[in-house]
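Below is one structure, written out as structure tokens, with a few remarks after it.
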Amino acid sequence: MHHVMGEMLDKGVWAYVQGGMGTLSSYLAYLAEQYGADICVNAGVQEILTNNSNSVEGIRLANGRVIKCKNIVTNCTDPVTFTKLMKPENVPKDYIKGMNNASYEGVQTKFNLVIKDVPNFSCLKHL
């Protein structure tokens with residue numbers, strides 16, 4: 001089934017990004033920067049900084065540099081993001097409990113999408 005999920009040229013086929021998957025990553029980075037994102041590479045994150053109301057204020061890099069921001073995108077697992085990069089008192093206890101009870105066994109699915117515009121998720125209206 002996974003070999004014929006998509007259609008290209010009216011056939012279910014595999015397709016590859018010209019230049020390799022790195023080209024897709026580079027283009028996504030380019031688009032993110034067009035919308036105001038700052039991308040740091042080779043810069044390990046030491047801590048996600050939050051304020052008293054548990055809203056994100058920024059990050060502290062391993063070299064001590066602080067970058068102020070309102071939103072963060074991470075590719076870390078939840079356990080790394082919420083137990084290693086954030087202070088435990090800044091994460092709801094119910095979330096930690098649910099995360100610790102989650103099973104990471106099984107299969108995964110990956111979707112690469114090309115979209116026309118930045119997604120507008122109704123559940124994220126507060127951002």
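Here, each number is a calculation from the coordinates, and none is a lab measurement. This one's a predicted model, so the numbers in the text were calculated from it and none came from an experiment. Ideal geometry is used to build each Cβ from the backbone, glycine not excepted, and the neighbour counts take in all protein chains shown.
Key figures
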quantity	calculated
Debye, to nearest 20: dipole size of the stretch 40-103, +1 on Lys, Arg Cβ, -1 on Asp, Glu Cβ	140
Ordering of 43-50, 74-81 by packing [mean C-beta count within 10 Å, highest first]	43-50, 74-81
SER53/TYR95 FRET efficiency (R0 25 Å; Cβ-Cβ; nearest 0.05)	0.95
Low-density loop positions, chymotrypsin sites (Phe, Trp or Tyr not before Pro), the stretch 43-106 - DSSP coil, at most 16 other Cβ in 10 Å	TYR104
Calculated FRET value between LYS87 and LYS110, using beta carbons and R₀ = 25 Å, to 0.05	0.20
Share of Cα-Cα pairs in the stretch 30-77 lying beyond 12 Å, as whole percent	67
